[in-house]
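**Student:** One structure follows; several queries about it will come next.
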Amino acid sequence: MDQSGSVPIPGATVVLRWTDAERARRPVREDAGPGGQLVLCAPRDARQATLWAELGDASSEEAVAPIAAGASRDVRLLLRLAEVRTGRLIGDVRDALTDDPVAVAAVSVLGGTVVAETNRRGRFILSGVPVGVHELSVRHLGYAPLSHAVTVSRGITTEVEVGLVPEPVEMVPIVATAARPRRLEIKGFYERKYWGELVSGGTFLTAADIERRRPILISHMIADEMGIYLDCGLRQSSCKILNRRGSSGFVPGGCEMSVWVDGVSIGKGGPDSVVRPVEIAGVEIYKGPASLPAEFGGSDSGCGVVVIWTK
């Protein structure tokens, strides 16, 4: 429904995770029907569902619904559409001659203040773009500048594909400055994030990522990572984080990951009883010894490590 709870929103994507369900460890993503409704059948071993709705840049808050065998439960998700006056642009930037992805290209909307940078696959995301027709600007050293008209709709994601034509240019001095949270800078978070994303050496969540999702528990976001799921047992307020990669055929349920908070190992206990999502500045997820930085190693790190930094 919309924020008032009176208007159904067809086509919104509902994202749902079953707790303790063996057959459905990855989140379910389904679109609501014409009346804004969606019916889902829970696995037999599911104890509860955590779910939210998305439509473009709009989303609802998370809801938690206990599951009882043979019973149905209605959940109403209110999209904060009234707050949305923008859309989002996502796309690919590639070499027009070789079709190779162009990394570190600067993508912006002329007149706007936000500049996105393509990742190593040439992908970019520009969020918060005002509704209307804009001129998309793409720049990269060694390529001819490109401008292209795009139409941005309210709460909608628009996809674009860009081909840059190589054009050798004379090098000129470049000065760049960046402002980062001091705590994460000192602890090396941004350096590990930079190199980790280049070589797929880990997954990194920032405070902005957490604020956008508004998870009830930080373990919910961590479990979105491929191969990781939760074991909440009877205590739904603190879930163990299990790594499917670390499990063997003789150990059902996977291998429990080690958790660090502010550079101190708290062992294999879940993080939810120690820190709340609003207190977190950054999260690092390492699923194996090959990608694990030396400072987080130890005898209990063989199943992977989750590193949490508070604000």
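The values are calculated or read from the model by the stated rules, or taken from the named source; none is laboratory data. The structure presented is a predicted model; accordingly, all values stated were derived computationally and were not measured. Counting neighbours? That spans all protein chains shown, and the Cβs are built from the backbone with ideal geometry, glycine included. Accessible surface is based on the protein model in full, side chains and every heavy atom, while ligands, DNA and RNA are left aside. Shrake-Rupley method; radii C 1.70, N 1.55, O 1.52, S 1.80 Å.
**Student:** Scan segment 186-196 residue by residue and report those that are assigned to a helix (DSSP H, G or I) and open to solvent by less than 80 Å² (accessible area, probe 1.4 Å).
**Tutor:** Once the filter is applied, which keeps residues that are assigned to a helix (DSSP H, G or I) and open to solvent by less than 80 Å² (accessible area, probe 1.4 Å), segment 186-196 yields F189, Y190, R192, K193, G196.
**Student:** Right, here's the next one. Quick one: in segment 203-236, which of the residues that are of a type in the set (G, A, S) and out of contact with any Asp or Glu (no Cβ under 6 Å at 6 or more places or on another chain) is modelled with the lowest pLDDT?
**Tutor:** Of everything passing the filter in segment 203-236, G233 is modelled with the lowest pLDDT.
**Student:** Related question: Pairs, please: C-beta under 8 Å, at least 6 apart or cross-chain, first residue closer than 11 Å to V109 by Cα and in segment 138-162, second acidic (D, E) and open to solvent by less than 40 Å² (accessible area, probe 1.4 Å)?
**Tutor:** Cβ pairs passing all conditions: none.
**Student:** Let me ask something else about it. Please tell me if T86 is in contact with a strand residue (DSSP E or B) (Cβ under 6 Å, 6 or more places away or on another chain), surrounded by 17 or more Cβ atoms within 10 Å (Cβ to Cβ) and without any contact (Cβ under 8 Å) to a residue 60 or more places away in the chain.
**Tutor:** No: the conditions fail for T86.
**Student:** In addition: Just a yes or no: is a residue in segment 222-233 in a helix (DSSP H, G or I) and either out of contact with any helix residue (DSSP H, G or I) (no Cβ under 8 Å at 6 or more places or on another chain) or not charged (D, E, K, R) (or both)?
**Tutor:** yes
**Student:** Could you look through segment 54-101, keep only residues that are modelled with pLDDT under 85 and of a type in the set (S, T, Y), and pick out the one that is farthest from G33 (Cα to Cα)?
**Tutor:** The residue in question is T86.
**Student:** Name the single residue that is most open to solvent (accessible area, probe 1.4 Å) among those in segment 240-258 being in contact with an Asp or Glu (Cβ under 6 Å, 6 or more places away or on another chain) and either at pLDDT 90 or above or among the hydrophobic types (A, V, I, L, M, F, W, C) (or both).
**Tutor:** Among those that are in contact with an Asp or Glu (Cβ under 6 Å, 6 or more places away or on another chain) and either at pLDDT 90 or above or among the hydrophobic types (A, V, I, L, M, F, W, C) (or both), it is L242.
**Student:** Out of segment 117-127, which residues are assigned to a strand (DSSP E or B) and open to solvent by 80 Å² or more (accessible area, probe 1.4 Å)?
**Tutor:** Selection gives E117, R123, I125.
**Student:** Output the residues belonging to segment 157-171 that are at pLDDT below 70 and of a type in the set (V, I, T).
**Tutor:** V169
**Student:** Would you point out which residue out of V114, V133, V104 is of a type in the set (A, V, I, L, M, F, W, C), out of contact with any Cys (no Cβ under 8 Å at 6 or more places or on another chain) and farther than 24 Å from E197 by Cβ?
**Tutor:** The match here is V133.
**Student:** Within segment 102-116, how many residues turn out to be at pLDDT 90 or above and either charged (D, E, K, R) or open to solvent by less than 60 Å² (accessible area, probe 1.4 Å) (or both)?
**Tutor:** Total meeting the criteria: 7.
**Student:** Has segment 298-311 got at least one residue that is at pLDDT 90 or above and either surrounded by fewer than 17 Cβ atoms within 10 Å (Cβ to Cβ) or under 18 Å from L51 (Cα atoms) (or both)?
**Tutor:** So far as segment 298-311 goes, yes, one or more of its residues are at pLDDT 90 or above and either surrounded by fewer than 17 Cβ atoms within 10 Å (Cβ to Cβ) or under 18 Å from L51 (Cα atoms) (or both).
**Student:** Mind listing just one residue for me: the one in segment 128-150 that is in a strand (DSSP E or B), over 20 Å from V102 (Cβ atoms) and out of contact with any His (no Cβ under 8 Å at 6 or more places or on another chain) and, of those, modelled with the lowest pLDDT?
**Tutor:** Only one residue fits best here, namely G128.
**Student:** Also, I was wondering about something else. Please tell me if R154 is within 24 Å of E197 (Cα to Cα), open to solvent by 80 Å² or more (accessible area, probe 1.4 Å) and either of a type in the set (D, E, K, R) or touching a strand residue (DSSP E or B) at 6+ places or on another chain (Cβ under 7 Å) (or both).
**Tutor:** no
**Student:** May I pose another question? Taking the criterion of being in contact with a Pro (Cβ under 8 Å, 6 or more places away or on another chain), of a type in the set (D, E) and either in contact (Cβ under 8 Å) with a residue 12 or more places away in the chain or part of a loop (DSSP other than H, G, I, E, B) (or both), would at least one residue in segment 38-58 satisfy it?
**Tutor:** Checked against the condition, which is being in contact with a Pro (Cβ under 8 Å, 6 or more places away or on another chain), of a type in the set (D, E) and either in contact (Cβ under 8 Å) with a residue 12 or more places away in the chain or part of a loop (DSSP other than H, G, I, E, B) (or both), segment 38-58 yields no hits at all.
**Student:** Another question, then. Could you go through segment 266-282 and let me know if any residue there is over 23 Å from the mean Cα position of the chain (by Cα), modelled with pLDDT of 85 or more and of a type outside the set (D, E).
**Tutor:** Checked against the condition, which is being over 23 Å from the mean Cα position of the chain (by Cα), modelled with pLDDT of 85 or more and of a type outside the set (D, E), segment 266-282 yields at least one hit.
**Student:** Name the residues in segment 32-79 that are open to solvent by 30 Å² or more (accessible area, probe 1.4 Å), within 26 Å of G227 (Cβ to Cβ) and of a type in the set (D, E, K, R), would you?
**Tutor:** Correct list: R44, D45, R47, E54.
**Student:** For segment 259-297, enumerate the residues that are in a strand (DSSP E or B) and open to solvent by less than 10 Å² (accessible area, probe 1.4 Å).
**Tutor:** Answer for segment 259-297, where residues must be in a strand (DSSP E or B) and open to solvent by less than 10 Å² (accessible area, probe 1.4 Å): V259, I280, G282, V283, E284, I285, Y286.
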